[in-house]
1. Can you tell me the FRET efficiency between PHE553 and VAL787 if r is taken as the Cβ-Cβ distance and R0 is 45 Å, rounded to the nearest 0.05?
2. With charges set only on the Cβ (+1 for Lys and Arg, -1 for Asp and Glu), what does the dipole of the chain come to about its Cα centre, in debye to the nearest 20?
3. So which aspartates and glutamates pass the test for LYS411, namely a Cα distance under 20 Å, with those fewer than 8 places away in the same chain ruled out?
4. Largest first and in whole Å, what are the equivalent-ellipsoid semi-axes of the range 171-324 based on the Cα gyration tensor, each being the root of 5 times an eigenvalue?
5. Do you know the relative contact order of the chain, to the nearest whole percent, from alpha carbon pairs under 8 angstrom that are 6+ apart?
6. Run the reach check for LYS369 against aspartates and glutamates, Cα to Cα strictly under 12 Å, same-chain hits fewer than 8 apart removed. What comes back?
7. Ranked from the most accessible area to the least, with a 1.4 Å probe and all protein chains present, what is the order of SER569, SER5, SER622?
8. How large, in percent, is the carbon and sulfur part of the accessible surface of the chain at a probe radius of 1.4 Å?
Amino acid sequence: MRDYSHESVEKKWQDIWEEKQAFKAHQDYSKPKYYPLVEFPYPSGQGLHVGHPRPYTALDIVARKRRMEGYNVLFAIGWDAFGLPTENYAIKNKIHPAIVTEQNIARFKAQCKSIGFSFDWSREINTTDPNYYKWTQWIFIQLFKHGLAYKKEMDINWCTSCKVGLANEEVVNGVCERCGSPVVKRAKSQWMLKITEYAERLIDDLDDLDYIERVKIQQKNWIGKSVGMEIDFKTTTGEVLRVYTTRPDTIYGATYMVVSPEHPMIDERKDVITNMDAIEAYREQARLKSDFERTELNKDKTGVPIEGVWAINPVTEARIPIWISDYVLMSYGTGAIMAVPGHDTRDWEFAKVFDLPIIEVVAGGDVEKEAFTDIADGVLINSPLIDGLKVADAKAVISKYLEEKGLGTPKVNFKLRDWVFSRQRYWGEPIPLVSCPECGWVALPEESLPLKLPEVSSYEPTDNGESPLAAMTDWIETTCPKCGGPAHRETDTMPQWAGSSWYFLRYCDPHNDETFASKEALEYWMPVDWYNGGMEHTTLHLLYSRFWHKFLFDIGAVNTKEPYQKRTSHGMILGENGEKMSKSRGNVVNPDDIVSAYGADTLRVYEMFIGDFEKSVPWSDSSVKGCRRFLERVWSLVDDVNAEEAVSPEFERDIHKAIKKVTEDYETLKFNTAIATLMALLNQYKKAEKITHGDIRYMLLLLNPVAPHITEEIWEMLGFEGMVCEQSWPAYDPEKAKDDVIEMAVQINGKVRATITIEVDSDLDAAREKAMAEEKVQQFTAGKKIVKEIYVPGKIYNIVVKG
């Protein structure tokens, strides 16, 4: 037979699949549907790296298998193409972002096709296409009309290089996650989305979803629900400082208060505060720090006392000092805290630096040496109303007391903040609103959408932080849709997260001009059955898209309250040196090079065989070559095939066991062990002088989702009808798939002491004989009386002894 030439084989079958539209999702709503989804990529200038094919291949395997199982499968791809990197590249190279985007998409698309992903390319979307972002703008208008989009003057995270406002999530270790430049605070009027309105539901509805546990935990931690009280501390100048605490039982230990540098009380009482110069200097220092620096990185406690104003502890009635410190944020709780240094590490460190009183109110530690924080189940002391009570009881008693006295109210709080939605950039969706002196902010008529981006001569953000659109007078000046008077367009654009918050809905009906997707298409395809994506998107894209979907559900635009029924994640592919791949480290592997040298099927097999799918793994060139050799051995099976159609009797059990194992492993992300099973089956075939058409048929069917090109070619060479991808997924006989020999635990008095290898249908006598030959079993039964034996064939053997 001819040599295995991956170049000709892979191009041939990619062309055939495209010509026959082999992977097209049909609008036949009578068939059972399956909707697997991968996170659509940002089309950067570098193209795909070898990390991209790992999750794409995994879901491609699932999609191919589902089609063979008779499902109507929607497996689509698109481009998350707005955003800063393209705009920055355009600025640097004097090229319009649209041209850069078009070039990058063409490269990404060619790469995806060369790897053989079974995407339905007829459903391809692009977030920068006006026919797409028309509906992004439509959704924003609905949010605005329902009071969930609002404008607010606020301190934002400002990237000193990108000259753009950033969400908290886009600030990493005090710098911009994209460019690495320092991030400072700057006052800016920003569009906000009220995601906090959905905080409770975003947590509670996770219980109904098949998400891996670490994804659920990250979402819950980011939303940060806490149950506590808001308590009022009066001041000596008459106002009230309200604090939020989850530990009202520790109020007797509150020896000072701390307010955020941005707290309005400071400006309201500056006439009686006697050290405003020192306070203003401190506030200016705080403005230069990001929230992350102020909370997570703030090792050295700093602050200034507010002289001239004191607080009064509502239960002790003692006067306590008020400080400002940057470790308290205005954006969390009320911007003020009651400091309990005996039982909070940050408060204790602050008290030690400034020699403030420390009172122990939960017994068990030494608060002079460190804060005693292990107090969840403690007993209260030095707290007259609740002395001697356990924490849970003390909370109930003090909470009732504070509520009855009008000093506090129960409160559920969330760490989650509203979503900063404005970007002072060009390359994003224009916000479809105008500002009218008479009517305020007014949405554009829906029939006028899309509001398209105008051409600009410069994409540079202005020095005052405004969008490049702010300089386009002809575009800005318009009329109010409500009163017809003069008005100005909003010049901020939407963040990249906007287009990615609903793209999965557009795949359902991507060419619809009347709505973002028809009711019939949504009811058929949604929810997404299986969504795989990176853990780095768990607290950004995943949370944002769930919020948008819930809102669309509330207004009757979609039929499910959650967009994704199942969510899994994958580990990164690292460089051969075990470090994250990056150009600066010189360890980036280009998939084009692997496809050219070894073939797309080799790349696919390798990325699935490289290790546990959910864990990060280093790249290995030698292992790539090993996967190529595996495929060459599969190719060479053709020479061993005889004319027999039936399965060889000696392979029948091996084949049924392989079907069972591979079927289960493809569904549980254990692709490496599925491929290992096929390698073992191949070894069995190679030991025989001849194999039948029936034998090789099962190998080709099981391997096809991972290595689709080579299996299609061998299938055709052997004269099988149709294509592999058109066949039914093989079923196994449970009786024939059973193991002949298993490993069984042997317990002595309920504790596992040994493991034996035994035939699956062995009786008690055989199990006893095997067990008693084990040294550990002999050791734990020597000189003792066996009073009982519990034997479950194929499961366990437990020996109960006395003496």
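1. Numbers: r = 61 Å, r/R0 = 1.36.
Result of the calculation: an efficiency of 0.15.
2. On the way: 97 positive and 123 negative charges, 157 e Å.
It comes to approximately 760 debye.
3. Straight-distance partners of LYS411: GLU197, GLU200, ASP204, GLU230, ASP232, ASP249, ASP393, GLU403.
4. Numbers: eigenvalues 216, 114, 41 Å².
With the √(5λ) rule applied to the range 171-324, the semi-axes are 33, 24, 14 Å.
5. Values: 1468 pairs, mean separation 110.9, N = 803.
The normalised contact order for the chain reaches 14 percent.
6. Once the sequence-local aspartates and glutamates are set aside, what remains near LYS369 is GLU349, GLU360.
7. Greatest to least solvent exposure: SER622, SER5, SER569.
8. Values: 16640 of 34230 Å².
That fraction is 49 percent.
The values are calculated or read from the model by the stated rules, or taken from the named source; none is laboratory data. Please read all numbers here as calculations on a predicted model, not as lab measurements. Glycine also receives a Cβ, built like all others from the backbone with ideal geometry; neighbour counts cover every protein chain displayed. Keep in mind that these areas ignore ligands, DNA and RNA; they rest on the heavy atoms of the full protein, side chains included. Shrake-Rupley method; radii C 1.70, N 1.55, O 1.52, S 1.80 Å.
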